[in-house]
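I have placed the structure first, in the form of structure tokens, so that the comments after it can refer back to it.
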Amino acid sequence: MSSAPAIDSPVAISARVTPDPSQIGDLLELEVTVAYPTGFAVNVPLGLKLDPMHLVSVEESEPESTGQGLRKVFTFTIQHFGVGEAKTPSFPITYVAPDGAVQTAQVPSHSFSVTALLANEAEPKRQGEDPPISLEYPNNTAETAIYFTAGALVAGFVSALLFLRWRRRPRPVVLPPPEPADRVALRALDRLKEADYAGRGEFQLHYLMLTEILKGYLEGRFGIDALERTTDELRAALLRSEAAIAPLKPTEVIRFLQQCDLVKFARFAPPPSEAAAAVEQARGMVVATTPVAPAGPKDQAPKDRPSETGPKEQVVKDMSSPAAPKLVPEADIPTEPVPKYKEEDE
């Protein structure tokens, strides 16, 4: 370690190089320790060069208290590419006094030695060679393991892709069954009646809603494109579907829509009673064409069948009387139905 306390200087500097000795190209650490009084600041000058050394980096520690002042360590990482004895150059360290005066102190040079990587020998001996390592070829076990591993990776990757595609598949949307068109139309007519647009003088809105309800029913019940057509355009479609809309008549529907158009477009103001009658007329069209569900076997009442209680009990009671009719032998009962005749006593 080299030290050089400056004359009349409050700063004391020491330096050392590690490792020593070193080999060519090794990273060396030049450790510079600076002791200085409290209140001073110590720094390394900017643009410092340590030629012929190669300066790699500079690190500085935090100031440490020594009891009488402070101590700071600067670590310079350097490289030297020469062989033999070498010496670090001397360079300045800057310190600032409490009054702001800037001064410098010299870091002493430090000697160290560098050795070559190869030693010069007069008759170098050749090192022995390691025996060759022989591998079995072909190595079926290794090949099988590699193939199985690769196959498992590919299968796992493909399975993951298929699983992700399966998870992201479009799910079928299950919609509720459509509500019958007659039920929708009747409910809309009830709401139109409750709104009482005609009673408030809004006849155009009343008849507009009424025609929309009837056209929507024709479209939902019979599949006729009615909502986007005018009355004249709808005439041909109704005539083509005359059998489907029975018992409605195309002329009846067209006449009703034309009466509504008079109010919508000609600004005709009918009395409120006529507006209410138009709602009931549309309701009658809907009810007349509402499909009737076929009755099941349980819903059909037996015809011409005596009840289980009244007539049978009466016959049993009358059999005990002396005037009871005689029973007909079973062989004399006709198998064909007996025609009914009107009683003369009536």
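Structure notes:
- Of everything in the stretch 148-205 that is among the polar types (S, T, N, Q) and over 23 Å from the mean Cα position of the chain (by Cα), the residue that is nearest to ALA278 (Cα to Cα) is GLN204.
Here's the yes/no breakdown for (1) in contact (Cβ under 8 Å) with a residue 40 or more places away in the chain; (2) more than 21 Å from VAL17 (Cα to Cα); (3) not assigned by TED's automatic domain parsing to the domain that holds ASP26:
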{"position": "LEU48", "(1), (2), (3)": "yes, no, no"}
{"position": "ASP51", "(1), (2), (3)": "no, no, no"}
{"position": "GLU60", "(1), (2), (3)": "no, no, no"}
{"position": "SER65", "(1), (2), (3)": "no, yes, no"}
{"position": "GLN68", "(1), (2), (3)": "no, yes, no"}
{"position": "GLN79", "(1), (2), (3)": "yes, no, no"}
{"position": "THR88", "(1), (2), (3)": "yes, no, no"}
{"position": "GLN103", "(1), (2), (3)": "yes, yes, no"}
{"position": "GLN106", "(1), (2), (3)": "yes, no, no"}
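- Residues of the stretch 46-81 that are in a strand (DSSP E or B) and of a type in the set (Phe, Trp, Tyr): PHE74, PHE76.
- Conditions (1) part of a loop (DSSP other than H, G, I, E, B); (2) buried (at least 19 other Cβ atoms within 10 Å of the Cβ); (3) over 46 Å from the mean Cα position of the chain (by Cα): number failed by LEU238: (1)
- Within the stretch 162-191, residues that are of a type in the set (D, E, K, R) have Cβ atoms under 9 Å from residues that are surrounded by 12 or more Cβ atoms within 10 Å (Cβ to Cβ) and in a loop (DSSP other than H, G, I, E, B) in these pairs: ASP182/THR289; ASP182/THR290; ARG183/THR290, counting only partners at least 6 apart in sequence or on another chain.
- Scope the stretch 241-261; condition in a helix (DSSP H, G or I) and either at pLDDT below 90 or surrounded by 13 or more Cβ atoms within 10 Å (Cβ to Cβ) (or both); matching residues: PRO250, GLU252, VAL253, ILE254, PHE256, LEU257, GLN259, CYS260, ASP261
- Annotation: of all residues in the stretch 8-45 being over 14 Å from TYR95 (Cα atoms), part of a strand (DSSP E or B) and not hydrophobic (A, V, I, L, M, F, W, C), the one that is nearest to the chain's Cα centre (by Cα) is GLU29.
- Remark: GLU62 matches the filter, which requires a residue to be charged (D, E, K, R) and loosely packed, with under 14 Cβ neighbours inside 10 Å.
- Scanning the stretch 20-69 for residues that are farther than 18 Å from HIS110 by Cα and out of contact with any strand residue (DSSP E or B) (no Cβ under 7 Å at 6 or more places or on another chain) gives PRO37, GLY39, LEU46, GLY47, GLU62, SER65, GLY67, GLN68.
- Residue match in the stretch 20-28 (condition: crowded, with 18+ Cβ neighbours inside 10 Å and more than 23 Å from THR115 (Cβ to Cβ)): no
- Boolean, GLU85 is outside any loop (DSSP other than H, G, I, E, B), within 60 Å of the chain's Cα centre (by Cα) and under 18 Å from VAL114 (Cβ atoms): no
The values are calculated or read from the model by the stated rules, or taken from the named source; none is laboratory data. Nothing here was measured: the structure is a model prediction, and the numbers come from that model. Ideal geometry is used to build each Cβ from the backbone, glycine not excepted, and the neighbour counts take in all protein chains shown.
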